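**Student:** Once you've had a glance at the structure underneath, I'll fire off some questions.
Values quoted throughout were computed directly from the atomic coordinates according to the rules given, and no laboratory measurement underlies them. What you are looking at is a predicted structure, and each value in this text was computed from that prediction instead of being measured. FYI the Cβ positions are ideal-geometry reconstructions off the backbone, even for glycines, and counts take in every protein chain you see.
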Amino acid sequence: MNTPDFILVGPLQTGTTSLWNALAEHPELAPAQVRKELLYFNQRPYFMDWDLSEYAEFFESVPEGKKSFEATPHYFSSALARVRIRLSLPETKIVVTLRNPVKRCLSHIYVNRAANLISEDPLKREKFFELNTWAS
């Protein structure tokens, strides 16, 4: 059964996408198929004897001799996902991306403002902070 050799995690706006893109270009590495963020350990029901065959399907097409990986930033903020990974994939390495917290917060605000999710209107701004748990 194929499982990843390492998993990229990190808070939003810390460069996981940039690192994933760079690593995907490396000739000795192969990312999970389908998409970047699998969210597998966040969304699935979990039992101690959990069958990882569905998860392993994402890594079926990894050529022999290549290291496989996935990137799901949301595993970083989920204690449950981290425990599930540790119990299910004890040999898998975790690579964490971090960034200056002030710059990360500003980047998050700029991205959300560009997406028209926040504005200069104080009432809309208050609603944005209620919806984003990172701000609390």
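**Student:** What does the net charge come to around Lys36 if you take all other residues with beta carbon closer than 15 Å to its beta carbon, with K and R at +1 and D and E at -1?
**Tutor:** Residues near Lys36 contribute -2 overall.
**Student:** So, counting K/R as plus one and D/E as minus one, what does the shell of residues with Cβ under 11 Å around Thr14 add up to?
**Tutor:** Local charge sum for Thr14: +3.
**Student:** List the residues whose amide H sits under 5 Å from the amide H of Thr72, counting only those 5 or more places along or on another chain, with H placed 1.01 Å from N in the peptide plane.
**Tutor:** Leu8
**Student:** Given R₀ = 30 Å, FRET efficiency for Leu52-Arg99 by Cβ-Cβ distance, to 0.05?
**Tutor:** 0.45
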